[in-house]
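*Asks:* Have a look at the structure that comes next, please.
The values are calculated or read from the model by the stated rules, or taken from the named source; none is laboratory data. Here the structure is a predicted model, which is why all the values come from computation and not from measurement. Neighbour counts run over all protein chains shown; Cβ positions are idealised from the backbone, glycine included.
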Amino acid sequence: MARMSPVILILGSGPNVGHHVARAFVAKGYRVALASRNIKEEDDNTDQLQISADLSDPHSVKGIFSKVEASIGLPSVVVYNASAGAPNNPEDPLSILLADFSRDLHVNTTSAFVAAQQAALSFKKLPDHMSKTFIYTGNILNETTVASLLDGGVGKSATAHIIRSAAAAYRNKGFKFYYAAERKADGSPAYSEISGEAHGKFYAELTEQKSQGPWQQTFVKDIGYKHFPAS
Ligand SMILES: NC(=O)c1ccc[n+]([C@@H]2O[C@H](COP(=O)([O-])OP(=O)(O)OC[C@H]3O[C@@H](n4cnc5c(N)ncnc54)[C@H](OP(=O)(O)O)[C@@H]3O)[C@@H](O)[C@H]2O)c1
């Protein structure tokens, strides 16, 4: 494969957000690497590298980056889109089993931390003129609690902290870090109405911006970035 086109890596890629983000970046001339558990590596083609990986194992993340670098080049855009967390009993959130809590925290936070770490290492090796962007797909749970979504909320909150810190620390190097969360126009969560297409369009726009914007990117379909008071 030629190494001239920029590379995007999407961790936790499925039929909605992952698929549409990949499409939006292919349209911009990117080579795409996708990683998820059920992906079929034999479906590899010249534009898309498919990597089978389970992000509940944070130790697997470094190997994903190595594979991408060896096959299509260093990623200048990394999207972390995987999430985990089955609904818990809203009246007994502390009944979540430790094994489940720990696994979900790995998917929502620890592997995202390693991905951000690996992304920064990749960004350091890329030429100055390239846009370098890490985007974590979040939701409203870093700002509010939902009784039935304890471990998902813990993970999104913890990763929001990582993103906020990284956005401040690396802005002078030109590395951008974002926590992106789709909302409805009134500020309420998109939930099941989440639009993969809107994510693709918005993530491509975030990537094209030269410098770091607000670390928390709440956005509305067909509108784009919209600031909402904290919930
Ligand atoms: N703003 C909102 O209100 C809102 C609403 C809903 C969702 N969201 C966020 O949007 C993101 C997902 O959206 P989506 O489901 O529409 O996207 P998607 O790109 O269609 O799917 C996400 C993919 O992540 C992969 N994944 C899950 N666990 C994984 C693991 N342990 N290891 C590797 N890959 C894993 C799954 O593929 P495999 O099964 O093949 O592993 C899944 O298909 C999440 O971050 C979620 O929190 C936000």
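*Asks:* Check SER131 against each of (1) exposed (fewer than 15 other Cβ atoms within 10 Å of the Cβ); (2) modelled with pLDDT under 95 and name the one condition it does not meet.
*Replies:* Only one criterion in (1) exposed (fewer than 15 other Cβ atoms within 10 Å of the Cβ); (2) modelled with pLDDT under 95 is unmet by SER131, namely (1).
*Asks:* SER192 fails exactly one of the following numbered conditions: (1) more than 16 Å from the ligand (Cβ to nearest atom); (2) farther than 16 Å from LYS124 by Cα; (3) without any contact (Cβ under 8 Å) to a residue 40 or more places away in the chain. What is the number of that condition?
*Replies:* So the condition that SER192 fails would be (1).
*Asks:* Please pick out the residue among SER83, SER76 that is within 15 Å of the chain's Cα centre (by Cα), touching a residue at least 12 places away in the same chain (Cβ under 8 Å) and under 19 Å from ILE194 (Cβ atoms).
*Replies:* Among SER83, SER76, only SER83 is within 15 Å of the chain's Cα centre (by Cα), touching a residue at least 12 places away in the same chain (Cβ under 8 Å) and under 19 Å from ILE194 (Cβ atoms).
*Asks:* Go through segment 171-194 and give me each residue that's farther than 17 Å from THR159 by Cβ, small (Gly, Ala, Ser) and buried (at least 18 other Cβ atoms within 10 Å of the Cβ).
*Replies:* Passing the criteria: only ALA190.
*Asks:* Please specify each residue of segment 110-126 satisfying the condition of being within 14 Å of the ligand (Cβ to nearest atom) and aliphatic (A, V, I, L, M).
*Replies:* Residues satisfying the conditions are ALA112, VAL114, ALA115.
*Asks:* For segment 1-42, which positions are farther than 15 Å from LYS201 by Cα, touching a residue at least 12 places away in the same chain (Cβ under 8 Å) and more than 12 Å from the ligand (Cβ to nearest atom)?
*Replies:* Correct list: MET1, ARG3, SER5, PRO6, VAL7, LEU9, ARG31, VAL32, ALA33.
*Asks:* Can you tell me which residues in segment 127-145 are free of Cβ contacts under 8 Å to residues at least 24 places away in the same chain and either part of a helix (DSSP H, G or I) or within 11 Å of the ligand (Cβ to nearest atom) (or both)? Before the answer, list the steps.
*Replies:* Initial filter on segment 127-145 (free of Cβ contacts under 8 Å to residues at least 24 places away in the same chain): 127, 129, 141, 145.
LEU141 - this is the single residue of segment 127-145 that is free of Cβ contacts under 8 Å to residues at least 24 places away in the same chain and either part of a helix (DSSP H, G or I) or within 11 Å of the ligand (Cβ to nearest atom) (or both).
*Asks:* With the checklist (1) in contact (Cβ under 8 Å) with a residue 40 or more places away in the chain; (2) part of a loop (DSSP other than H, G, I, E, B) in hand, flag the one item LEU206 doesn't pass.
*Replies:* The single condition LEU206 does not satisfy is (2).
*Asks:* Looking for whichever is part of a loop (DSSP other than H, G, I, E, B) and modelled with pLDDT of 95 or more here; the options are SER111, SER122, SER83. Which one fits?
*Replies:* Step by step, each of SER111, SER122, SER83 is checked, and only SER83 is part of a loop (DSSP other than H, G, I, E, B) and modelled with pLDDT of 95 or more.
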